[in-house]
Every structure is written in C-alpha cells, then in structure tokens.
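Comments concern the structure below.
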Amino acid sequence: MAFPNTVYGKPGWEKVLTSDQRHKLGTRMSFVDGRVYRYCQAAGTEIAAGRIVQAPATVAAHDMDLAVSAAAATGATTVTIGTSLTVTKDQYKEGYLYVNDAGGEGTIYQVKSNTAVSSAAGLVVTLDEEDGLSIALTTSSLVGLTYNMYDSVIVQPTTITNIIAGVSPTTMTASYYGWLQTWGYASVLMQGVAVVGDQVTAAESTAAGAGVLLDSSSAQDNESIGVAALIPAVSTDFQLVKLTIDP
C-alpha cells in the first residue's frame, strides 16, 4: 500500500493523536496558511504542548564502524553485520543504514526491517529500496545504524543528544502517534525574554524543551528553530515563534 508524502490538512488535524500508526514517520502535513507538520511517534514519556522536541538519542554502539560480514553486490537488498550487537526485532524500521568507510562509503539507505541479535554478530538489515545497494559493499565496508528522526521523539533535554525534530502543538500521550510542527507560527515555551526578530534556539542547560535567544552565552552554537514574533514573552511563558525548522 502506498503512502502519500504530503497530507493537505486543515487546522485541528495537528492535534489528533492515535495509539496506532496511520502514516509513514516523517510524513509532511501542510496547511493553507503555511504551517507545516511532520508525523511522529512520542517516546514512552508524555510531551507537553509547546515544547521543543528532538530526535531520539542514537545508540553509541550502533552508530558507526560496524563491520559488514559478507560482501553485498550492487542491487542487494540485505546487509549482514559481523560486529557483535544487541538489537531488537525491527528496532531500526523506518530508520537508516549508512556506509561510513570503505566500499560504498557516502551512501545511505532506509531500513525496511531488521532481525534480532543478543550480544552476537549476524544482524541482517533489509533495505526499503527496490533497487537495493547502488554501490557494492565489501568485507572492509563499515556501516552505522540510526533511528528515523521522528521515531520515539522526546522533549529536548538540557543536555542536547540529537537534532531538533519540531515543536509539539498539543500534549502528546506517551507512545502515541501525532504531529510535530516544523514551519510557521507556533507557541513555544521560553526561557528568558525574546524580542521580535530575535533568532530562537533550544535553551540548553537551562530548561528542557524551552527556547532561548540564539546569541545567549549558553546557546550560541545551538540549532536555530526560527524567529520570535509579536509580543515578547516573559520567561517561562510562551512566545509566538515563526518556525523555520523544516519547510
């Protein structure tokens, strides 16, 4: 069954949550007024409205330099990993396998499924690409695995562990599916006061899920989420922000 890449929605749809998955993760929903949302699943903790939300933290043992145990020809749709790992069944479904060194380096593939292994080699990753590998892999190839950035999203903690995925438009029930806003006017929790036109970023080391001025001493190297708009917010209040995360 095919899934549309973009859903043309109307105000209110962004607040609908379901316990089951209705779209591919990352599906785009746009409104006539220019607001844009991406389909996601919340992790196992509730996410309050108006919070900056990040992609799930990666698993350090899985993110790069995993040895390919068997050469895979151009067009192959499975990759077998020889590094000893602990991975659950379909842990990386809708995520990505990328080649970080040797044969095939510089390529990335979406994952359709993966087998389970427990402190063992032999993880088999099936690619969700009908043409398979565009460049052959050798036993010298090294790969990494990462989650889909909209899978098990979390409120961005005060120690940032991954990139920003969006802003929660409503309270998101733990483990439920719904939408994150990535473009256009949004209501965002603020730490400190941001005046109109200021760039806003995540308030690292200050308040989980809150925004702060990009040029503040604690956040000047962080990823910008957009521009403060209309009335300046009081600290711990909510600011209208024109998001510019993902159009």
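Below are the figures for this structure:
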read-out	value
Charge dipole magnitude, Cβ of K and R +1, D and E -1 - region 66-157, Cα centre, debye nearest 20	280 debye
Added length on full extension, which subtracts the Cα-Cα distance from 0.36 nm per residue, residue 74 to residue 18	16.2 nm
Electrostatic dipole magnitude of region 175-247 [Cβ: Lys, Arg +1; Asp, Glu -1; Cα centre; debye, to 20]	220 debye
Lysine pair number, Cα distance threshold 22 Å (strictly under), region 1-148, separation 8 or more or different chains	7
Distance in nm between pseudo-label sites at residue 5 and residue 171 (7 Å out along the Cβ direction from Cα)	3.7 nm
Contact order normalised by residue count of region 27-138, Cα under 8 Å, 6+ apart, percent	26 percent
Sequence of 201, 58 from largest to smallest accessible area, 1.4 Å probe	58, 201
Cα-based convex hull volume of region 57-103 per residue, rounded to whole Å³	97 Å³
In nm, spacing of pseudo-spin labels at residue 110 and residue 205 (7 Å Cα→C-beta vector)	3.9 nm
Region 23-81 - Rg over Rh from alpha carbon coordinates, Kirkwood radius	1.14
Accessible heavy-atom area order of 183, 13, highest first, probe of 1.4 Å	13, 183
Descending semi-axes in Å of region 98-247, equivalent ellipsoid built from Cα gyration tensor	38, 16, 15
Note, ³J(HN,Hα) from phi for region 71-76, Karplus 6.51, -1.76, 1.60, rounded to Hz, x at Gly and Pro	4, 10, 6, 3, x, 5
Over region 57-144: Kirkwood hydrodynamic radius from C-alpha pairwise inverse distances, Å	12.5 Å
Inter-part distance where region 138-194 and region 1-46 are each reduced to a Cα centre, Å	14 Å
Cα-based equivalent ellipsoid of region 1-111: semi-axis lengths in Å, sorted from largest, via gyration tensor	34, 18, 13
Vicinal HN-Hα couplings computed from phi for region 90-102 (Karplus, 6.51 cos²θ - 1.76 cosθ + 1.60; Hz; Gly/Pro x)	6, 4, 10, 4, 6, x, 9, 10, 10, 9, 9, 7, 6
Charge dipole (debye, nearest 20) of region 36-116; +1 at Cβ of Lys and Arg, -1 at Cβ of Asp and Glu	300 debye
Dipole-positive endmost among 91, 102, 73 within region 2-130 (Cβ charges, Cα centre)	91
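The values are calculated or read from the model by the stated rules, or taken from the named source; none is laboratory data. These numbers were taken from a predicted model, which means no experiment stands behind them. A quick note on method: Cβ atoms are made from the backbone with ideal geometry, for glycine too, and the neighbour counts reach across all protein chains shown. Areas reflect the complete protein model, heavy atoms only, side chains present, ligands, DNA and RNA absent. Shrake-Rupley method; radii C 1.70, N 1.55, O 1.52, S 1.80 Å.
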